[in-house]
Amino acid sequence: MQIGADDRHRIQAAVAAAEARTGAHVAASIVPASDRYALYPIVWSALIALLSGGALAFLMPQMPPRESFAIEAALFVVLSLVFDWWPVRLRLVPRHVRHARASAFAHREYAARILAHHADKGGVLLFVSLGERYAEVIGDRVLHARVGTAGWNRIVEALVSAAKSGHLADGIIKAIDACASEIATRT
């Protein structure tokens, strides 16, 4: 799922409106992916190639080692290329690893966008990682104490629901508005 230029402008307008309404810094970070996961295609290719070499040695002991090695090497190369295709690569990464990397990236974005520039003003970050299909809302301590984890989770659940129905940009805009509403009603 992608976000077009028109949708990005709508999201920026929603962020500006939320900031004007609340006085807090509101940021939205929408990234294609939180990591490249470059090691996974190689590891999976090597593992499968080695296991196939063992299977060949067990099932066909008369096969010369040179031929067995050539088959393993060819399998490794082909699988490395296939597994390097982005949709396949993401499927090789365990879900908990994808979400942990996305969460870590979200917290770095929060530090860079909110804490580094607006520590005295307070703020909230809506983070969406498209590749990992991950969303998170991170607020400063004061806002988090007012809204709570349950409040942020409701916003994320509504965003995920909109994304599943094919309305990602609209879901992000509604989530930004919901963040602003939570901040405004709790101040």
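Numbers for the structure displayed
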| item | result |
| --- | --- |
| Folded to 0 to 90 degrees: helix 65-83 orientation relative to the chain principal axis, Cα | 20 degrees |
| Net charge dipole size for the stretch 73-127 [Lys, Arg +1 and Asp, Glu -1 on Cβ; Debye, nearest 20] | 120 debye |
| Solvent accessible area, Å² - Asp35, 1.4 Å probe, full protein context | 50 Å² |
| Rounded accessible area of Met63 (nearest 10 Å², 1.4 Å probe) | 40 Å² |
| Probe 1.4 Å, protein heavy atoms only - accessible area per residue of the stretch 1-156 in square angstrom | 59 Å² |
| The stretch 1-44 shape via C-alpha gyration tensor axes, a/c threshold 1.5 | oblate |
| Helix-derived mean residue ellipticity, 222 nm - over the chain, DSSP H n ≥ 4, -39500 (n - 2.57), to 500 | -22500 deg cm²/dmol |
| Surface share of carbon and sulfur [accessible, 1.4 angstrom probe, percent] for the chain | 62 percent |
| Calculated Rg and Dmax of the chain using C-alpha coordinates, Å | 22.7, 78 |
| Degrees between helix 95-110 axis and first principal axis of the chain (Cα, 0 to 90, nearest 10) | 40 degrees |
| Unit charges at the beta carbon, dipole of the chain: most positive-side option, Ala74, His167, Ala106 | Ala106 |
| Sorted peptide list for 89-97, 14-22, criterion being average Cβ within 10 angstrom, highest first | 14-22, 89-97 |
| Residues Arg133 and Phe58, FRET efficiency given R0 of 30 Å [Cβ-Cβ distance, rounded to 0.05] | 0.15 |
| Over the chain, relative contact order from alpha-carbon pairs under 8 Å, at least 6 apart, % | 31 percent |
| Lys164-Ala5 FRET efficiency (beta carbon distance; Förster radius 30 Å; 0.05 resolution) | 0.80 |
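The values are calculated or read from the model by the stated rules, or taken from the named source; none is laboratory data. Just so we're clear, the structure is a prediction, and the values are computed from it rather than from any experiment. Ideal geometry is used to build each Cβ from the backbone, glycine not excepted, and the neighbour counts take in all protein chains shown. Note: accessible area is taken over every heavy atom of the protein model, side chains too, but ligands, DNA and RNA are not part of it. Shrake-Rupley method; radii C 1.70, N 1.55, O 1.52, S 1.80 Å.
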